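Q: My questions all concern the structure below.
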Amino acid sequence: LKMTRLEFYLPLHILLAACLCHSIKAPTTSSLQSFKTDLFYFYHSLLLADGKETTIHLLKDIPKRYYFVLEESRVLSPFTITVTPCDVPIEWSILMHKASASFLEKGTQGDTQEVSKSPKAPSMVSTIFNYKGNSVETYMGMSSHAALYMLELLSTERDTHITVYLTTDTTSGHIYPELPMDPRIDVIAIRHTTVTLTWKHSPSVLQHRENIQYCLLVNEKHNYKSLCAAETAIRSSGMKLPPTLALSLSPYLLEPQQVMILSNSELSIINKGSSGEVRQTCMGTKNTYTVPALTPSTQYYFDVFVVNLLTNASAAYTGTFARTLKEPEPKVMELKDGKVIQVVLEGKKQKSYSLQYQARYKKIQFTFQLCRGQVRVHITKNGKTVALENISGLKYFSLKGKLLDTYLVQLRATEESNSSVKVQVSPQSHKPLFPLLPESLKIKSFSKLRTCNSVTIAWLGTQEESKYCVYKRRIEEAQVWRELQSADRCSGPESRHKSEKVLCKYFYDLNLQRAVTTETIKGLDAGTLYLFDVYLFGPSGIPVRYHSKVVKTRKKC
């Protein structure tokens with residue numbers, strides 16, 4: 001049957017006659033008319049490929065027909081048809097072309113009057129199966145005689161597409177992976193940001209482990225009955241997908257709204273669109289998986305597909321859903337006027353912290369000094385946001401309100417490593433606890449002034465006379481990055497060894513353009529790395545640490 005549609009038209013009449021009219025001499029006029037009517041539908045059908053998955057596009061309210069032929073056999077020959085809707089529910093039927101031999105034989109006896117008086121001629125096409133819905137459905141049939149079948153498909157909701165798979169060779173294995181007797185997905189653990197799932201192994205995994213894998217799809221809308229339906233929904237939401245959703249680990253270019261994550265031999269693709277986030281993860285043949293990085297107090301839908309990597313065909317487990325646990329309420333600590341507290345956020349364990357303050361003054365000032373890591377500050381007054389910002393170094397927020405206004409300060413770590421910050425609230429008329437800061441806290445070194453035993457550094461000052469202390473220590477090349485990243489910017493000279501102290505000095509300049517000081521540190525070793533720190537002390541004695549500077553002395557002079 002490997003021929004084009006055009007090549008098939010001419011012998012189709014002969015094939016029907018050979019299949020259905022072996023011993024008939026001369027059919028009646030009415031039977032011929034019925035034959036022509038049935039033949040019309042088959043004549044305007046397409047040949048359905050055997051042993052191959054076919055993608056079919058359906059226009060709304062316009063039926064589409066495909067035919068296939070089964071040859072005569074001495075034993076019952078099985079065949080299966082699997083139809084997978086990729087979007088809306090569809091209607092589909094299987095019709096078999098057959099003739100009533102007894103009726104046609106009456107016509108051969110020349111009793112035309114009896115025929116004309118007889119009831120309406122029996123149809124030569126009978127429906128042997130029909131279905132309406134959006135689930136994947138398979139029909140299994142048996143045939144021992146030559147017959148011509150028609151598959152009729154109809155979408156009444158909107159234009160859509162489906163896939164159809166016909167096979168007459170049921171001994172060569174399944175194009176679709178098999179599902180276990182119990183295809184349900186079990187939820188075995190729920191946390192604030194994770195859900196752990198497990199499912200029974202597919203028989204196909206046990207037989208063809210190297211060609212089969214499981215893929216998981218996570219979204220916040222609903223479950224999908226097929227991978228084809230999931231692909232269609234994601235595309236219609238404005239997200240772009242590679243040609244096949246999850247089904248091979250071959251490389252392809254991702255769209256801007258896609259993020260690929262590959263870890264522990266698991267491929268995850270996150271699609272971000274207007275309708276939310278859809279996450280796809282393929283985990284090989286593991287049948288237990290913990291979905292990470294979920295949002296607390298959110299309902300998610302989980303679908304598992306077992307995929308044949310050789311054919312890209314898939315079968316869907318029965319989807320499930322789960323709601324992540326609500327995030328625990330953060331601890332709330334009372335802030336008192338003028339008192340400084342230091343909050344430590346321990347990465348994964350505790351990412352947020354809350355502070356509350358009831359105003360005793362109309363004008364107040366919040367001061368934050370970032371000690372380590374990255375912290376986001378969110379301040380609300382009587383439930384309304386008044387400040388929201390990621391802080392670095394020293395940050396002031398001057399706010400105006402009424403007496404007894406309630407302020408809530410929420411501190412959140414923006415990275416998984418530990419973070420810490422100092423916080424103070426005080427009336428604006430209160431003497432500032434922290435010193436007046438220069439425009440920049442960077443320390444500059446002069447390469448041309450380096451020698452084998454000295455370096456020259458400079459830093460900015462202010463219009464306020466303040467005390468500056470310089471410290472130094474030797475450092476190895478391998479320690480530089482870790483030291484600069486993990487430095488506690490709130491720690492003062494009390495944490496340093498006395499031998500690291502170089503000098504302390506006072507200076508200021510009313511002209512900020514000239515508020516710069518330099519210092520040459522001598523007595524160093526040649527070709528050696530040194531870490532330099534400068535501490536600024538204000539009237540209250542609380543220090544502010546400049547950004548550390550690493551300088552290497554010359555090896556040869």
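The values are calculated or read from the model by the stated rules, or taken from the named source; none is laboratory data. Because the structure is a prediction, the values reported are computed rather than measured. Backbone-built Cβ (ideal geometry, glycine too); neighbour counts: all protein chains shown. Please note that ligands, DNA and RNA were not included when accessible areas were found on the heavy atoms of the full protein model with its side chains. Shrake-Rupley method; radii C 1.70, N 1.55, O 1.52, S 1.80 Å.
Q: Considering each residue of the range 531-542, count those that are open to solvent by less than 20 Å² (accessible area, probe 1.4 Å) and within 19 Å of residue 505 (Cβ to Cβ), and give that number. So that I can check it myself, show each step before the final result.
A: The first filter runs over the range 531-542 and keeps only residues open to solvent by less than 20 Å² (accessible area, probe 1.4 Å), leaving 531-536, 538.
Within this subset, residues satisfying the condition of being within 19 Å of residue 505 (Cβ to Cβ) are 532-536, 538.
The qualifying residues number 6.
Q: Looking at the structure I just gave you, is residue 268 among the hydroxyl-bearing types (Ser, Thr, Tyr), open to solvent by less than 30 Å² (accessible area, probe 1.4 Å), at pLDDT below 90 and more than 24 Å from residue 160 (Cα to Cα)?
A: Working: among the hydroxyl-bearing types (Ser, Thr, Tyr): yes; open to solvent by less than 30 Å² (accessible area, probe 1.4 Å): yes; at pLDDT below 90: yes; more than 24 Å from residue 160 (Cα to Cα): yes.
So residue 268 passes the test.
Q: Any idea which of 523, 527 is open to solvent by less than 40 Å² (accessible area, probe 1.4 Å) and not aromatic (Phe, Trp, Tyr)?
A: Working: 523 fails: open to solvent by less than 40 Å² (accessible area, probe 1.4 Å).
Checking each option against the conditions leaves just 527.
Q: Using the structure shown, decide if residue 192 is assigned to a loop (DSSP other than H, G, I, E, B), touching an Asp or Glu at 6+ places or on another chain (Cβ under 9 Å) and surrounded by 13 or more Cβ atoms within 10 Å (Cβ to Cβ). Before the answer, list the steps.
A: Numbers: assigned to a loop (DSSP other than H, G, I, E, B): yes; touching an Asp or Glu at 6+ places or on another chain (Cβ under 9 Å): yes; surrounded by 13 or more Cβ atoms within 10 Å (Cβ to Cβ): yes.
Yes; evaluated as a whole, the condition is true for this residue.
Q: Between 336, 362, 384, 331, which is closer than 21 Å to residue 429 by Cα, open to solvent by 70 Å² or more (accessible area, probe 1.4 Å) and out of contact with any Asp or Glu (no Cβ under 9 Å at 6 or more places or on another chain)?
A: On the way: 362 fails: out of contact with any Asp or Glu (no Cβ under 9 Å at 6 or more places or on another chain); 384 fails: closer than 21 Å to residue 429 by Cα; 331 fails: closer than 21 Å to residue 429 by Cα.
Every option except 336 fails the conditions.
Q: Cβ contacts < 8 Å: first residue over 20 Å from residue 147 (Cα atoms), restricted to the range 59-71; second residue of a type in the set (S, T, N, Q), any location; separation 6+ or different chain. Result?
A: Pairs found: 59/155; 60/155; 60/156; 61/155; 61/156.
Q: Any residue in the range 476-489 that is open to solvent by less than 20 Å² (accessible area, probe 1.4 Å) and farther than 30 Å from residue 401 by Cβ? Spell out the reasoning first.
A: The first filter runs over the range 476-489 and keeps only residues open to solvent by less than 20 Å² (accessible area, probe 1.4 Å), leaving 487.
Those still in the list that are farther than 30 Å from residue 401 by Cβ too: 487.
There is at least one residue in the range 476-489 that is open to solvent by less than 20 Å² (accessible area, probe 1.4 Å) and farther than 30 Å from residue 401 by Cβ.
Listed here are the residues, each with its yes/no results for (1) under 24 Å from residue 373 (Cα atoms); (2) not in a loop (DSSP other than H, G, I, E, B).
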site: 438; (1), (2): yes, no
site: 469; (1), (2): no, yes
site: 479; (1), (2): yes, yes
site: 488; (1), (2): yes, no
site: 523; (1), (2): no, no
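Q: Cβ-Cβ distance below 8 Å, separation of 6 or more or different chains: which pairs start in the range 304-322 with a residue that is closer than 30 Å to residue 191 by Cα and in the same structural domain as residue 85 (by the TED database) and end on one that is of a type outside the set (Gly, Ala, Ser) and buried (at least 23 other Cβ atoms within 10 Å of the Cβ)?
A: Taking only residues 6 or more apart or on different chains, not a single pair turns up.
Q: Only one of (1) surrounded by fewer than 16 Cβ atoms within 10 Å (Cβ to Cβ); (2) part of a strand (DSSP E or B); (3) hydrophobic (A, V, I, L, M, F, W, C) is not met by residue 423, so which one is it?
A: Condition not satisfied by residue 423: (1).
Q: Only one of 472, 444 is open to solvent by 80 Å² or more (accessible area, probe 1.4 Å) and more than 21 Å from residue 396 (Cβ to Cβ); which? Don't jump to the end; show me each part of the working.
A: On the way: 472 fails: open to solvent by 80 Å² or more (accessible area, probe 1.4 Å).
Every option except 444 fails the conditions.
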